[in-house]
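*Asks:* This structure is in structure tokens; I'll ask about it shortly.
Values quoted throughout were computed directly from the atomic coordinates according to the rules given, and no laboratory measurement underlies them. Remember, predicted model here, so these are calculated numbers, not experimental data. So basically every Cβ, Gly included, is an ideal-geometry build from the backbone, and we count neighbours across all protein chains shown.
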Amino acid sequence: MNKLNIALLGPTSLQDAQFIEISVENENGVHALFAGRVDFPAFTEWLIENEDAIRKSDFPVDNSTQDSLAKKVHCFYESANADDDVLIDAMFDYRASHCLRFACRGVDFPEIYIGKLGSEHEISLFTKNEHWQYFFDVDDFFSKLKD
């Protein structure tokens, strides 16, 4: 099973944004998914606060495709009825607890999603120029995060 990692890179100071790398490790090596500066304590706090949702919440729209979470969100907003406040609010709530961008307020952070897809857990990105999806061991991830 893939291992999702978040590593601090370089010298750290809690008064400045820290340089991190998010990567997935598997039998083929390490694949860097994101590298940039974030408020690391706030980032990890957001992940821990949203752990239950990340582990258990299903995608709020009935969508039986095998697309990644990131692609499902993208497709939702491409076809959403803007007048359906209940559905729009449900999607916003989902994004607020599954999109890493919400953990990095004030930072130019991509729309990377983390959460449950079927019986597995994934991290994914879907844009016009880039798309990827990796399943990972959620127990290993949160165990390392809390150490």
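*Asks:* Which of P110, P11, P41 ends up with the largest GNM mean-square fluctuation for the chain, with Cα atoms connected below 10 Å?
*Replies:* P11
*Asks:* Would you list W132, W46 from fewest to most Cβ contacts within 10 Å?
*Replies:* W132, W46
*Asks:* Follow-up. Most fluctuating residue of A35, A80, A90 in a GNM of the chain with Cα springs under 10 Å: which is it?
*Replies:* Evaluated over the chain, the most mobile residue of the options is A80.
*Asks:* In addition: Would you mind computing, in nm to one decimal, how far apart the modelled labels at H131 and D89 are, each placed 7 Å from Cα along Cα→Cβ?
*Replies:* 3.1
*Asks:* Compute the whole-percent fraction of alpha carbon pairs in segment 31-145 spaced more than 25 Å apart.
*Replies:* More than 25 Å apart: 18 percent of the Cα pairs in segment 31-145.
*Asks:* Follow-up question, since we're still on this one. Restricting to lysines 8 or more places apart or on different chains, can you count the pairs in segment 1-142 with Cα atoms under 18 Å from each other?
*Replies:* Lysine pairs meeting both conditions in segment 1-142 amount to 7.
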